[in-house]
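The values are calculated or read from the model by the stated rules, or taken from the named source; none is laboratory data. This structure is a prediction, so every number in the text was calculated from the model and none was measured. Every residue, glycine among them, receives a Cβ derived from its backbone with ideal geometry; neighbour counts consider all protein chains shown. Note: areas computed on protein heavy atoms with side chains; ligands, DNA, RNA excluded. Shrake-Rupley method; radii C 1.70, N 1.55, O 1.52, S 1.80 Å.
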Amino acid sequence: MTSNVCVVGAGAFVPSRIVSNARIAKAIPGWPAERIEEKIGVRERRFLWDIDEVTGRAVPPPENDGHIYPANNTDMCEVALKKALAQSGVAAGELDALFVVTCTPDAPHFNHDAMELHRRLELREDAFALLVDDGCGGTPYVLDLVKKMMEGGRFRTVAVVASAFTSPLVNREVYTDELPPGPGRSRALQGYLSMYVFGDGAGAVVLQSKPGEAGSEGILASFSGNAHGDLVIRKGGGVLKLPYQPGRMRPADMAFVVDGFKVARSYPEYMQKCLDTILDPRPEMRSQVKRYYFHQPNKRVMDAFVDRAGLPPEAVACNVDRYGNTSAAGMLILMAEDLEAGRVKLGGGDLVVVAAVGANIHYGAQLVRL
């Protein structure tokens, strides 16, 4: 008898505010609305905060109003985590650790969002709470870390929450600026594409160590890897690029700027590596995978990979065309939505794959029997 690390609950929060291509293109000029959909396959995105197309800035809710919830990143994470706990039947006090994966925390230091969730859910004092500053590839990367920690016997129940909070970043001055050419990059990068592609959302999973036979319910295969490449660049915020150091900053340094060509080249390479690593040792399981939960950089890039990899399109979950790229949260949102819709079922034996690559570069994948 072995101990298996199982997914016992998943939850998600996606804002109800729909921001069309026409609105975002007016707020952040660059491409017209039609070109946005043509080039990246995103028709609209979901934002928690509203935007002002005239000023080109985010419209935050009233500060400390108390009546608007959720209103920030931690709020979104709280909703997703509570849904995951409710589905799992696990009480918050049973959690041995909580990991929050995001590159858009409400406050950038001291594990703020993870510690605030720890306080709100009244986790045990000895339950770990850590924020992992990571983007699109961070979710399977952290899931791999957690699985290895749980197999060591220290943790029995762990929650992983992932989020993206893009809407407060809307700023015309910042996202219509460009990053000049740099080492290894011969051309300037435009900021506006990054504002067109991303959306807000949070997803969560609860993992639990359960006794079971090898190969039965649980995470059957897991791995993660590191490479080095600036797929997304954000120069500002660190001590080398503080805004109040004269001459060292420009507006685009505060933007998350996607290098679209690098993403398009690296995504199929690392995603194929993800699939091959977890499925090649188990060739009999390739045809049994019911759903794929991939990071969705944009719909065009993901569709091209799905076609190249020979995967059945109907098995690949997708919402980037409606929600935007929700970074680390995307895969967990897709899984939670599938569970809620009954496309897959916890305890039903469905075989699913989680895989992602992103940012600087973390990548990883899990093969999971639900």
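Below, the figures for the structure above:
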| item | result |
| --- | --- |
| For the chain: accessible area per residue (Å², 1.4 Å) | 42 Å² |
| Expected 222 nm ellipticity per residue - DSSP helices of 4 or more, -39500 (n - 2.57), all of the chain, to 500 | -9000 deg cm²/dmol |
| Hz values of 3J(HN,Hα) by residue in the stretch 145-162 - Karplus curve (6.51, -1.76, 1.60), Gly and Pro given as x | 4, 5, 4, 5, 5, 5, 5, x, x, 6, 10, 9, 9, 9, 10, 10, 10, 10 |
| Nitroxide proxy distance, nm - points 7 Å out along Cα→Cβ at residue 216 and residue 186 | 5.8 nm |
| Whole-Hz ³J(HN,Hα) from phi, Karplus 6.51 cos²θ - 1.76 cosθ + 1.60, for the stretch 353-370, glycine and proline x | 10, 10, 8, 7, 9, x, 6, 10, 10, 9, 8, x, 7, 9, 9, 10, 9, 6 |
| Inter-label distance for residue 261 and residue 35, nm, one decimal - labels placed 7 Å from Cα along Cα-to-Cβ | 1.7 nm |
| For residue 258, distant residues with modelled amide H under 5 Å away | 194, 233 |
| 0 to 90° range, to nearest 10: angle between helix 260-279 axis and the chain longest Cα axis | 0 degrees |
| Karplus (6.51, -1.76, 1.60) ³J(HN,Hα), θ = phi - 60°, over the stretch 88-99, in Hz, Gly and Pro reported as x | 7, x, 8, 7, 4, x, 7, 5, 8, 7, 9, 10 |
| Separation between Cα centres of the stretch 70-141 and the stretch 168-210, rounded to whole Å | 22 Å |
| Accessible-area composition of the stretch 132-212, carbon plus sulfur, in percent [1.4 Å probe] | 54 percent |
| Length released on extending from residue 154 to residue 122, taking residue separation times 0.36 nm less the Cα-Cα span | 9.5 nm |
| Estimated distance in nm for a label pair at residue 242 and residue 340, the labels positioned 7 Å out from Cα along Cα-to-Cβ | 4.3 nm |
| The stretch 289-326 residues near the modelled residue 272 label - backbone nitrogen below 17 Å, point 7 Å along Cα→Cβ | 301-312 |
| Options 150, 222, 175, ranked by Cα towards positive dipole end of the stretch 110-266, top entry (Cβ charges) | 175 |
| Point-charge dipole on Cβ atoms (K/R +1, D/E -1) for the chain, about Cα centre, debye to 20 | 640 debye |
